[in-house]
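Worksheet for the structure shown next.
Here, each number is a calculation from the coordinates, and none is a lab measurement. These numbers come from a predicted model, not from an experiment. Counting neighbours? That spans all protein chains shown, and the Cβs are built from the backbone with ideal geometry, glycine included.
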Amino acid sequence: MKITKFFLDKATYKAIDDLGQEVRVEIDYWNNSFKLSNDSIELARTAEDMLKRKHKVNFVDKLLK
């Protein structure tokens, strides 16, 4: 069997702010969307950037290294 496609689907990240509060970032790479557990302009920008770079990108070349 040879893998020819490898995509990111969904991921959950945990961020902790300077007050010790946790913010969950759920990114759905396949459907190009994200959700934050608490409002954070900084994390929203980061999630948008991650989606721009990884939305439906085939990572098979990285998998096979």
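For the range 27-63, the tally of residues that are among the acidic types (Asp, Glu) and closer than 16 Å to Phe7 by Cα stands at 2.
Per-residue answers, yes or no, for (1) more than 23 Å from Leu63 (Cα to Cα); (2) surrounded by 12 or more Cβ atoms within 10 Å (Cβ to Cβ):
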| site | (1), (2) |
| --- | --- |
| Gly20 | yes, no |
| Asn31 | no, yes |
| Ala44 | yes, yes |
| Glu48 | yes, yes |
